[in-house]
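Asker: Structure in structure tokens, see below.
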Amino acid sequence: MTFFARTTAAAIVLSVATAAHAATDPALDKTLRALDAASAKFQSAEADLRWDQFEKVVRETTSQFGSVYVIRKSGWTEYGATLATKQGAAPTKYLHFANGKGDMYDTIAKKDTPLNAGQDKARVESFITLGFGGSGKDLEKQWTITQQGTETIDNVPTVKLDLVPKDPSVANMFTHVTIWIDTTRGISLKQLSYTPEGDTRTAYYTNIRYNTKVDTKKYAKK
């Protein structure tokens, strides 16, 4: 199963009954409240993307390159991404998700996979757009959060958060996710996802365009 499919599948099975818990760490509480404030100002973000996937069984890392965007409006979120096997090459995968529905298109297999979040639309959107404009309250609903200090990435101060899913079915796919997030803009610069099998996926977001107009046409499947 592709990472796009795993991520979306994991989001769809998130439990709607998960309750929010207040942060007990004062530093973490400050971070979450900063993300609440950043979420209120967030309109859109677009970034260049590199995904490095390490497979434990073969002990190999493969990389994909592309771009991603997130547009948030009141009660509505749109997400799009493209991926290629080589930097600067034509995309081999296109993903689009908006208002609870979307599709993933593989140009090599010439296969279009529809995505439908159903009644879990809000939670799916929150999951696949993790680290892009979500509030601290959104994180608290779905994850047990540990703050692991601060780091500077590309000259940007970030807070390092480790997220453990509260829903067991999600933990079957991702044991935890570590994000390095700019709390001023509410944008991740790096994300590291761990699977129970010992595989990892590291996402690097660079050349970030914050609250600017996104040309979504270039994300349309070819």
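The values are calculated or read from the model by the stated rules, or taken from the named source; none is laboratory data. Keep in mind that what you see is a predicted model, and the values were worked out from it rather than measured. Using ideal geometry, Cβ is built from the backbone for each residue, glycine included, and neighbour counts are taken over all protein chains shown. Accessible surface is based on the protein model in full, side chains and every heavy atom, while ligands, DNA and RNA are left aside. Shrake-Rupley method; radii C 1.70, N 1.55, O 1.52, S 1.80 Å.
Asker: Pairs only if they're at least six apart or on different chains, beta carbon under 8 angstrom, first in region 205-222 and polar (S, T, N, Q), second assigned to a loop (DSSP other than H, G, I, E, B); list them, first residue then second.
Answerer: Listed pairs, sorted by first residue: T206/D154; N211/F42; N211/Q43.
Asker: Shifting gears a bit: Would you please name the residue that is nearest to A47 (Cα to Cα), looking only at residues in region 104-136 that are at pLDDT 90 or above and of a type in the set (D, E, K, R)?
Answerer: The extreme case among them is D106.
Asker: Sort through K30, K56, K86 and tell me the only one that's at pLDDT 70 or above, open to solvent by 80 Å² or more (accessible area, probe 1.4 Å), closer than 27 Å to T184 by Cα and charged (D, E, K, R).
Answerer: On the way: K56 fails: closer than 27 Å to T184 by Cα; K86 fails: closer than 27 Å to T184 by Cα.
Only one candidate qualifies: K30.
Asker: If I ask for residues that are outside any strand (DSSP E or B), without any contact (Cβ under 8 Å) to a residue 40 or more places away in the chain and open to solvent by 50 Å² or more (accessible area, probe 1.4 Å), which ones from region 146-196 would you list?
Answerer: N155, P168, N172, T175, P196 - these are the residues of region 146-196 that are outside any strand (DSSP E or B), without any contact (Cβ under 8 Å) to a residue 40 or more places away in the chain and open to solvent by 50 Å² or more (accessible area, probe 1.4 Å).
Asker: Taking the condition farther than 20 Å from T216 by Cα and open to solvent by 50 Å² or more (accessible area, probe 1.4 Å), does R50 pass? Explain how you work it out, then say what you get.
Answerer: Numbers: farther than 20 Å from T216 by Cα: no; open to solvent by 50 Å² or more (accessible area, probe 1.4 Å): yes.
Against the criterion (farther than 20 Å from T216 by Cα and open to solvent by 50 Å² or more (accessible area, probe 1.4 Å)), R50 does not qualify.
Asker: Now, a different point. All but one of (1) at pLDDT below 95; (2) over 26 Å from Y94 (Cα atoms); (3) open to solvent by 50 Å² or more (accessible area, probe 1.4 Å) hold for W143; which doesn't?
Answerer: Looking at each condition in turn, W143 falls short on (3).
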